[in-house]
Amino acid sequence: MQDISGRVAFVTGAANGIGLGICRALARSGTQIALADIQPDALERARSEIAALGVRAIALTLDVSDANAVARAADAVEAEFGKVHIVCNNAGISLGDVRLLEMTRAQWDWIFGVNLFGVVNGVQAFVPRIRKHGEGGHVVNTASMAGLQVNPNIPGIGAYAMTKHGVIALSEALAMELQGTNIGISVLCPAQVDTTLYDSGRRRPARFGGSYQRADLNEARARSATGLSADAVGEHVVHAIRTNEYFIFTHPQARGRVEERHARMMAGFGAAARYVGAR
């Protein structure tokens, strides 16, 4: 989709961070936008900012883990704009340093509900509509570098990485299934970006346990502030939409960790060959 001016985009997690960065970049390209987020006040501020850039923008308060709510959001976007062309399934949460063996069922349900099923819900609600209007489109699913390797330097990343591995597999399979159509797929794999992911607890719905504040909030906020700007990520995402770029990486220096994981896999194949040959 080289020309996205006048097209319609739906972006989740749009009130701040990478989602808002994507919205800014899309708006500067002339794209009309439906911004969705679970925080109504922050969402309305974001909508006002995007509208001030000269494009039509609406705000939809949304919990992406609720499949029925996402389907209703898709109806609302079509009612407002007629059709949608670009879908950015970006909303995500982090638990912080919570080890796998210490997690409660509610924590499992929440992180999978948002990070993985939030993407599933967006794909199921919007992709059939894009196929139906036939004008082409693009889907961007936000995963993470954690979806390609589990960084030993980040405590408690296990559950988060599990969900992001799932987003990458979902995106890869979706790209295969849509091959030959005019719908492109990208999977965004950011490393450290300046977002409010550290403050996910404040946005946890009551059905998953309600709002809370992580113990290391100030330290996490300080670490996040040293990351890449969300606006820089947003510009890269828009470039990827225009050029049909599948993997969107934000930090070339993270390549080494992926190569180390790949080397471990290749060593496993070598061990298998030796075992089979010795039988």
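No lab work stands behind these numbers, since they all come straight from the coordinates. Everything numeric here is computed off the predicted structure, so don't read it as measured data. Every residue, glycine as well, gets a Cβ built from its backbone with ideal geometry; the counts of neighbours run over all protein chains shown.
Things to note:
- Modelled spin labels at Ala278 and Arg221, positioned 7 Å past Cα toward Cβ, are 5.6 nm from each other.
- Highest mobility in the GNM of the chain, judged by mean-square fluctuation with C-alpha springs under 10 Å and restricted to Ala159, Ala146, Ala106, is found for Ala106.
- Comparing Ala79, Ala225, Ala36 in a Gaussian network model of the chain, where Cα atoms under 10 Å apart are tied by springs, the biggest mean-square fluctuation is seen for Ala79.
- Euclidean distance between Cα centres, region 151-203 to region 1-68, Å: 19 Å
- Computed over the chain, the per-residue total of -39500 (n - 2.57) for DSSP H runs of n ≥ 4 gives a 222 nm mean residue ellipticity of -15500 deg cm²/dmol, rounded to 500.
- Per-residue 3J(HN,Hα) values for region 226-232, derived from phi via the Karplus relation 6.51 cos²θ - 1.76 cosθ + 1.60 with θ = phi - 60°, read 8, x, 4, 6, 5, 5, 5 Hz in sequence order (x marks Gly and Pro).
- Modelled label reach - Ala52, point 7 Å along Cα→Cβ, region 219-261 residues with backbone N closer than 17 Å: 231
- Scanning residues 5 or more positions from Asn16 or on other chains, none has an amide H under 5 Å from its amide H, with H placed 1.01 Å from N in the peptide plane.
- Region 129-137 - phi-based ³J(HN,Hα) in whole Hz, Karplus 6.51/-1.76/1.60, Gly and Pro as x: 5, 5, 4, 5, 6, x, 8, x, x
- Extension gain, Ser5 back to Glu177 (0.36 nm per residue minus Cα-Cα distance, nm): 59.2 nm
- Ala34 long-range amide H proximity, modeled H, under 5 Å: Ala9, Phe10, Val11, Ile58
- Scalar couplings 3J(HN,Hα) for region 47-62, obtained by applying the Karplus form with A = 6.51, B = -1.76, C = 1.60 to θ = phi - 60°, are 4, 4, 5, 5, 4, 5, 7, x, 10, 6, 9, 10, 10, 10, 5, 8 Hz; x denotes Gly and Pro.
- Cα long-axis angle, helix 105-115 against the chain (0 to 90 degrees, to the nearest 10): 60 degrees
- Percentage relative contact order, the chain, counting C-alpha pairs under 8 Å, at least six apart: 21 percent
- If R0 is 51 Å, the Cβ-Cβ spacing of His239 and Asn68 corresponds to a FRET efficiency of close to 0.90.
- Given their separation in residues at 0.36 nm each and the Cα-Cα distance between them, Glu78 and Arg264 gain 62.3 nm when the chain is fully extended.
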